[in-house]
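No lab work stands behind these numbers, since they all come straight from the coordinates. The shown structure was predicted, so the numbers you read here are calculated from the model rather than taken from an experiment. So basically every Cβ, Gly included, is an ideal-geometry build from the backbone, and we count neighbours across all protein chains shown.
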Amino acid sequence: MKKFIYSLLLLLPGYVIAQSSSYNPAQGYEDRKDGQGLNHTNGAISFGTYNTSSIAYLQTHSNHPIYFGNNSNASPKVVFATNGLLGINLADGIMPAEKLEIKNGRISLTAWENAGKPAGIDFTNNAGNTNVAFLGMMDATTFGFKSYASNQYEVVFKNVSGLARVGIGTTNPGVALDVNGTIRLNALAGADRSIVKIKTDNVLAKVAAQPTVSISPFEFTYSDQGTLTKSNTGYIPGFSSATWSPIGSYHYVEKTLNLPQGSTIKSFTAYLLDNNASGRMQACFTVLNNASGAKDIYCVSTNSDNVNAVPLSNNVNKIVDNNLYSYIIRVESINNGGFQGGWFADMGFGAIKFNVGY
């Protein structure tokens, strides 16, 4: 009977459908033409189906969002906005502000497709065809952050016998926080600024995190390219420059420093004595690349006669890496033309200090 009525409607004026449509009691209504199919209209809102020969759509045919609900719920839990954003559990009438916005809920990712595809989120570059990073499971007990550039997990969170462990630079942390590398602390706030607190056996130990390294002249070894008038064993660098009076020779003192690994050399200060019109005193701090031989050199020098030692400072701002670099301090005399010169009387130096922070 239904098929008869439908066939009759096809013949009546206003009901002629210019596409291949049919009704089957077992399968229901079928529209076999590409383009808009079923359509439900109420006022300005139009909703239905649309398909081409290769893609099928469920869509609004007017400029309105689509809501998804069940159980005749008056406040649907999913909304697909007109700008392509998807919202879950938003209040009725509220549109999502991001590509995916979830209100009062969470996302659950369970297990993994296979051992090579653990559960998590892949991040790609703007082109979308190069993986940059992965955030998710490494194995059944380890969650972490993987860099595709290094093809390894840089940070992991691991459960070992019910105890939480964090590894940085290692995928198998042996303690609560296991760092394969150096730790740098900067701009700590409050009364304990520049202080690191370490708790061992319920005792808080305070470690200064911003020391000043003071290097005495007496710690230097010296090299000379001429002849000293005094015995080497009697050489005392410093303000008693009269004990070192070279004859037309050139002299300098230098030392390779052992500075705190991972710290930042902020500046250095040299106390230089120059009370001789024929020359100047200069102190230079050199950062030497052990592999390439390249150097970064920071110098301070006197520019006028002075009967007292003058503190001169220079900014450095270099992070200490004793494996890649050597750090050398040199004190020398220079003539008024800026070249290495004789170490005259009334020329010397005192302490050299490095401001080292974290």
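Tabulated values for the structure
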quantity	calculated
Equivalent-ellipsoid semi-axes of region 60-136, from the Cα gyration tensor, Å, largest first	30, 17, 11
Packing-based ranking, highest mean first, of 43-55, 284-296 given that Cβ atoms within 10 Å are counted	284-296, 43-55
At q = 0.12, 0.14, 0.17, 0.22 Å⁻¹, base-10 log of I(q)/I(0) for region 263-358 (Debye sum, equal scatterers on each alpha carbon)	-0.41, -0.54, -0.74, -1.04
Cross-link pairs 146/266; 266/295; 77/117; 99/146 - those with Cα-Cα distance over 28 Å	146/266; 77/117
GluC sites (Glu not before Pro) restricted to region 32-114 and DSSP loop, no more than 16 other C-beta within 10 Å	98, 113
Approximate spin-label separation residue 291-residue 133, in nm, with each point projected 7 Å along Cα-to-Cβ	2.4 nm
